[in-house]
1. Output the number of the condition that A:T127 fails; it satisfies all remaining conditions of (1) touching a residue at least 40 places away in the same chain (Cβ under 8 Å); (2) buried (at least 19 other Cβ atoms within 10 Å of the Cβ).
2. What pairs can you find where one residue is in region A:159-170 and within 11 Å of chain B (Cβ to nearest Cβ), the other is surrounded by 22 or more Cβ atoms within 10 Å (Cβ to Cβ) and assigned to a helix (DSSP H, G or I), and their Cβ atoms are less than 6 Å apart, with a gap of 6+ or different chains?
3. If I ask for residues that are loosely packed, with under 14 Cβ neighbours inside 10 Å and either facing chain B (nearest Cβ under 7 Å) or within 35 Å of the chain's Cα centre (by Cα) (or both), which ones from region A:25-39 would you list?
4. Can you name every residue in region B:83-98 that is farther than 22 Å from A:V43 by Cα and either over 44 Å from the mean Cα position of the chain (by Cα) or of a type in the set (S, T, N, Q) (or both)?
5. Please go through region A:171-189 and give me each residue that is closer than 12 Å to A:I115 by Cα and at the interface with another protein chain (Cβ under 8 Å from one of its Cβ atoms), ordered by number.
6. Hey, could you check region A:124-150 for residues that are assigned to a loop (DSSP other than H, G, I, E, B) and modelled with pLDDT of 85 or more and say which is nearest to the chain's Cα centre (by Cα)?
Amino acid sequence: MSTVRAPNPPSRLNRSLLAALGLLLLAAGAAVLAVGLGLLPGVGPDTALLPSLPTTAGWGAYAAAAAGTLLGLLALRWLLAQAHRRPPESIWQLDGSSTTPGSTALPTSAAATAIARDVSAYRGVDTATATLAGARSAPTVHLDVAVETHASVADLRDRITEEALPQLRTALQVDRLPAQLVLRLDAHEGTRRVR
Amino acid sequence: MTAAQVRGALTIEPRAVERIASAAATEVHRRGHRPEEGAVVIRRPRRTVPAVLVAAVLLAVAVLVIWSSVQVLLGQQPVVPFADVAAAPAALTPAEPLVLAAAALCALVGLVLVVVAVVPGAPTVLALATPAEPASRLTAGVTRRSLIRTLSRAAAVDGVDAAKVRLARRRVVVTARTPYRTAQPDLTDQVRTAVTARLADIGLARPVTVAVRLEQPRRTRQDRAAPTSTTVVGST
């Protein structure tokens, strides 16, 4: 099993891409610096940066356009990924039993919406969202709950553990359903204490 | 006790052993990743801002390249003169100061990006302690921002105008401002008690100590009703 981390896309994507691009720039810059300062034996600082290219024929412009398009699409993809802050939903096949034959396709988002609606009706809860992640065999549920001022954190956790999660386990037909809860306290602004 | 030990020590029907072993494995696992106490929910910064900046630069470069190559294909003068750009590296040598400076800048930007990617950053979600009973497999965390908000609200006891809260790894530093030149002597204690009580209800996994600093108007030279405030009482 992995470390318990709240799902946090696109953090991993951002970190990998930033690291890769950073290393690329760092390597290129360092290489040119090393040559320029004469630190690399064998390569004089007066050699040209690149051998002179043969003047590109007609296909050069096409190649540049294609490369530019590819780069642009990838950059757009990366930009758009910033808007997706939830793990993608999946669809589970729930098998029927001997008494109720047939199988059910359950989008995990539907189950997540149900538990979120339950929890947001609890006293002291302002808003709640839920995400069901993982495969059918090892699911985890992540809850994001905004709590009103002076709601008891302990009570809320008890209620989620004793009511919401068992219900969800029953609905999903799973025995174990580890859950992670991320709380936002004092969600309600405006009740500032006046002295 | 590991799963293997459990299996070795017990000779019951296989399914029961399996169940016990898996329970033991879960227990070991649960202990395994509790660096303080309780399982940990954390969330680190997403680095959205640097990612958006870099992606926007890449997108701009791509647009320039596409635009220029289309202009070349149409037989126009391109915005980015490809021929000159292609010829430049052959004409330049790394020894030229301009090239050296550009290379240094390039390496610096790369280093910054690597650091941004690698340094985990202050957690945006802090772990809450997990209750003792193992039946509840609910691990919880609280967002850093909301923790600061609720603590500064808790610190605003009678006699305190506004309170600022700073979270360090193991310390909560409260700076409370009072308008009274002669605040009650126990105001610091009151603030500390209030903040500690709120923290106890929240139940962070990592215990923190509370330090309170009181800011109040200058006491000496009372005729000068200047609104300048200075820190009078030190931290505790």
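1. A:T127 satisfies all of (1) touching a residue at least 40 places away in the same chain (Cβ under 8 Å); (2) buried (at least 19 other Cβ atoms within 10 Å of the Cβ) except (2).
2. That search, which allows pairs on different chains as well, returns A:A164/A:I115; A:A164/A:V119.
3. Once the filter is applied, which keeps residues that are loosely packed, with under 14 Cβ neighbours inside 10 Å and either facing chain B (nearest Cβ under 7 Å) or within 35 Å of the chain's Cα centre (by Cα) (or both), region A:25-39 yields only A:A27.
4. Scanning region B:83-98 gives B:A83, B:D84.
5. Of the residues in region A:171-189, the ones closer than 12 Å to A:I115 by Cα are A:171-172, A:179.
Matches in region A:171-189: A:A179 only.
6. Quick first cut of region A:124-150, residues assigned to a loop (DSSP other than H, G, I, E, B) only: A:124, A:134-139, A:148-150.
From the residues that got through so far, the ones that are modelled with pLDDT of 85 or more too are A:124, A:148.
Values: A:G124: 28, A:E148: 26 Å.
That would be A:E148.
The values are calculated or read from the model by the stated rules, or taken from the named source; none is laboratory data. On a predicted model such as this, the values are computed, not experimentally measured, just so you know. No Cβ is skipped: glycine too gets one built from the backbone with ideal geometry, and neighbour counts run over all protein chains shown.
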